[in-house]
Amino acid sequence: MRELHVSLNQTQKVRLQAAFQHLSDIGSQASSGLLVSVSDTIPVNNEDGILKGHGTSEHDGQVVATLCGVVERVNKLVYVRALRARYKPEVGDIIVGRVIEIAPKRWKLEINFSQDAVLMLQSMNLPDGIQRRRTVVDELNMRTIFEENDVICAEVRGFQHDGSLHLQARSQKYGKLERGQLLRVPAYLVKRRKQHFHDLEQYGVDLILGCNGFIWVGEHVVPADNEMVEDQESTLKDKEQSYTPLEIRQNICRIANSVRLISALGFAISVDAIIDTAEASKSSNIDIKDMLGAEFYVQTAEREVQKRISLLKKKRG
């Protein structure tokens, strides 16, 4: 995804600077969410039993930052999350990747990591849905399952001896992704959550927030059961000839532009933030192509300020 460049006039620049200043002031009112640089003191209000985590150290009885980033706090644990850290995979991560090579019994995927990931033939469900031993015929037919440049959703299964990732796709929710847009955002903007698959029913769109910073926005697809495989094969030609309705394509573009806008502002990407941005553009009668314009860019930042102020009032209340 190309980096978003917005041309602001003087009034919009002032409004945007004011919004970011408000966000900084709100973050400084609590240790969590505070922006710090190296050697900055992290306020802990002289609490006892504070645990110093990654990116922190103790100096003259005070907790100081050893990284540039955002202060995060989990109960007594205080640590600094680097702003522009690379993607660090963990077992169980939901990732979206693109096939770059087909090798014997495996596919190699680009996943925004220092090394390519590997999806083994035996680590995924076969098209017929039958659990059986993979044969030479299956290996010869690998290109009919996934080929170069296909976009795939999978799960991190583990690490190989050379440091590369081992993926698995043994569920109907994993597999090839079609009829949509693949977006690339900084991985640190996508937090690990219990749910990374989202069905936006009001838009008819599927949203997958990959932990590796690859985000998929596409037409909603109903996962198929094994019993439905024969019916799917009989209607394969009809599916290939069908097309995505115009309204769905517009919704995909609106959701995708919401992701681009939130990423450009540096805000955390969540399904709630994406839907709020899309709904705000619709309520303001803003065309899809104008969502990446200067005015809506500033309005989104100002809306984030109001949202965080209301959240802060609820916590105090």
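The values are calculated or read from the model by the stated rules, or taken from the named source; none is laboratory data. Values in this document were obtained by computation on a predicted structure and should not be read as measured data. Every residue, glycine as well, gets a Cβ built from its backbone with ideal geometry; the counts of neighbours run over all protein chains shown. In case anyone asks, the SASA skips ligands and DNA or RNA and just uses the protein heavy atoms, side chains included. Shrake-Rupley method; radii C 1.70, N 1.55, O 1.52, S 1.80 Å.
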Review point. Quick check: anything in the range 77-100 open to solvent by 70 Å² or more (accessible area, probe 1.4 Å), part of a strand (DSSP E or B), of a type in the set (Val, Ile, Thr) and outside the structural domain of residue 193 (by the TED database)?
Key: yes
Review point. Out of the range 280-302, which residues are out of contact with any helix residue (DSSP H, G or I) (no Cβ under 9 Å at 6 or more places or on another chain) and surrounded by 12 or more Cβ atoms within 10 Å (Cβ to Cβ)?
Key: 293
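Quick grid of which residues meet (1) aliphatic (A, V, I, L, M); (2) farther than 17 Å from residue 185 by Cβ:
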residue: 259; (1), (2): yes, no
residue: 265; (1), (2): yes, no
residue: 280; (1), (2): yes, yes
residue: 288; (1), (2): yes, yes
residue: 292; (1), (2): yes, no
residue: 298; (1), (2): yes, yes
residue: 302; (1), (2): no, yes
residue: 305; (1), (2): yes, yes
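So that you can scan it fast, the table gives a plain yes or no per residue for (1) among the aliphatic types (A, V, I, L, M); (2) at pLDDT below 90:
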residue: 166; (1), (2): no, no
residue: 180; (1), (2): no, no
residue: 189; (1), (2): yes, yes
residue: 205; (1), (2): yes, no
residue: 216; (1), (2): no, no
Review point. Would it be correct to say that residue 105 is in contact with a helix residue (DSSP H, G or I) (Cβ under 7 Å, 6 or more places away or on another chain) and either open to solvent by 60 Å² or more (accessible area, probe 1.4 Å) or within 30 Å of residue 126 (Cα to Cα) (or both)?
Key: yes
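Open to solvent by less than 70 Å² (accessible area, probe 1.4 Å), small (Gly, Ala, Ser) and at pLDDT below 80, is that true of residue 61?
no
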Point to revise | Meets criteria (modelled with pLDDT of 95 or more, touching a helix residue (DSSP H, G or I) at 6+ places or on another chain (Cβ under 8 Å) and on the phi < 0 side of the Ramachandran plot) for residue 305 | key: no
Study note, to complete from the structure: Expected output for the range 280-292 (first residue hydrophobic (A, V, I, L, M, F, W, C), partner at pLDDT below 90, Cβ below 8 Å, 6+ apart or cross-chain) is 292/4; 292/6
Practice item. Find all pairs meeting these conditions: Cβ atoms under 7 angstrom apart; at least six residues apart or on different chains; first residue within the range 129-158 and within 23 Å of residue 96 (Cα to Cα); second residue aromatic (Phe, Trp, Tyr). Key: 146/107; 151/216; 152/146; 153/174; 153/216; 154/174; 155/174
